[in-house]
Amino acid sequence: MKKILLLFVFLAASSWMMAQRTVTGTVTDTGGDPLIGANVIALGTTVGTITDIDGNFTINMPAGNNTIVVSYIGYEDQNIDVTGLSNVSVTMREGTLLEEVVVTALGIEKSEKSLGYSATTVSSEELTQTRNNSFADAISGRVAGVTINSNGAPGGSTSIVMRGFSSATGNNEALIVIDGIPILNKANRGLTQVLNANDDFNRSQDFGTQANDINPDDIESMTILKGAAATALYGSAAANGAIIITTKSGKLNQPLRVDYSGTISQSRVNRLPHLQNTFGQGWNGLWASNENGSWGPKADGVERLWGNTVNNSRKLKPYTIQEDNLRDFYDYGSGINNSIAISGGNENSTFRISYSNAQEDGIVPTNADSYKLNSLGLNGKLKSGRFSVGSNVTFSNKKQKSVATGQGDDAGAGSVLFQEIIQIPRDHSIVDYKDINDPFNNLDNFFTPYAQNPYYILDAQGNDYNEDRIRGSVDVGYDLFTNLKAQVRVGGDFSNSNLQDWGNVAIITPGSSKFIC
């Protein structure tokens, strides 16, 4: 019995030894010098060893395992396929040191500990966590001392203010720098505001700020510089602070990689004016069928004739408060955002190509508040000996429609939407006026002579904003010495926009009910 047991143990041990195999090798840096104490581990196991004084190692690979992982502090990890090999040579390349680095002026990286001023860094993961179309909205509430104000409309303006307002009448916006090049961030105003630059109360339109064109998925990291620190680096242009953005790029020796992200969102009107729900249509406490105010008697639910007479007939409805008539007017908004990027690199060069498409339709009925942005980005770097060259360029096209706000314009542009909505009494259902071809809802016979059907405003007036933009840079570098490099960078930001804006000329037919009123 003992002989049989010993034979079994011998056969098992022989089988295990035959299944194992020994791999030897050498680990060096890019200069050919051996790395002492580098870790060599069989992938997914605890089986491993370290290199000796000459950078040599020997490892017994477990059965079926054909990959070793070589790691060393300050160098990129290497996964080596040793299928059919008994001896390998591994060259380690320098990687990111295990300390915080930030990007400062001209795209120069510095250790955070070496800075003489405060700098806040926001990573790519933090920027894309909430899947905002605007990177500015993505950092809202994340950075102390930075205030983000947005009007909430699709593609609307976003204001970035650091440490409070420095000017009561001038510009308080932070400077935005992408890969070392300051970019444009002007606000796109409507035609009425351009023609009447000193009057922002009449029919104003908002087509956003140019910072909204930046695709959050293209951002690698962002550094926030406040106050004097930003001014020292970029001069008076950064008196209100600076946002330093570094875009993503391919990595050296990176296999072809495809990244995709997609988001579908829905929005709903948040807050509306708080209106009373006691009194209905009328004025001075008296009911009047053609009034646009809610200053009549208390709503009693009694059916009453109202509106104008059309073809010898009038409408009949109960005198009942419609508490949600404002909220019912607004639709659910929707948005979709798709972004795809292809990147890679070899020993001397890297590349990254990205495309993003963002679409949003707001809460106002129809597509009167809509936004579409297509963006294409190209990024490449090449290094040969001491010489290096890099380039990145982004082209974007934006199409947008904006709902006018303010108090309307008597010069021919017409009324604004909310101005008409708020004049509908509390006992009226606004959505009942949706059919503007209904004789009771058209311009001639709308129930009050003091306002217009809000759905007519949506149908008869509007705008189309179209902007093409290209921004980018080219930088050339030469390593003079180990820690000294000469670099030249040239960049620009160019945009061309076109705005078509049309108003509604309200013409009342002579002899109609509204004309008589």
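The values are calculated or read from the model by the stated rules, or taken from the named source; none is laboratory data. This is a predicted model, so every value here is computed, not measured. Glycine also receives a Cβ, built like all others from the backbone with ideal geometry; neighbour counts cover every protein chain displayed. Protein only, heavy atoms only, side chains kept; ligands, DNA and RNA dropped before computing areas. Shrake-Rupley method; radii C 1.70, N 1.55, O 1.52, S 1.80 Å.
Observations
- For region 424-500, accessible area per residue (1.4 Å probe, heavy atoms of protein chains only), Å²: 49
- Full-extension gain in nm, Arg327 to Arg93, via 0.36 nm per residue minus C-alpha separation: 78.2 nm
- Within the accessible surface of region 244-359, defined with a 1.4 Å probe on protein heavy atoms only, the carbon and sulfur portion equals 51 percent.
- Listed pairs Lys317/Lys434; Lys251/Lys372; Lys248/Lys399; Lys251/Lys383; Lys248/Lys401 exceeding 22 Å between Cα atoms: Lys251/Lys372; Lys248/Lys399; Lys248/Lys401
- Ser388 sits among other residues whose Cβ lies under 14 Å from its own Cβ, and their net charge, with Lys and Arg +1 and Asp and Glu -1, is +2.
- Accessible surface area normalised per residue over region 255-386 is 59 Å², counting heavy atoms of protein chains with a 1.4 Å rolling probe.
- Available extension along the chain between Ala506 and Leu275 is 80.3 nm, counting 0.36 nm per residue and deducting the alpha carbon span.
- Cα centroid of region 292-323 to Cα centroid of region 333-370, whole Å: 49
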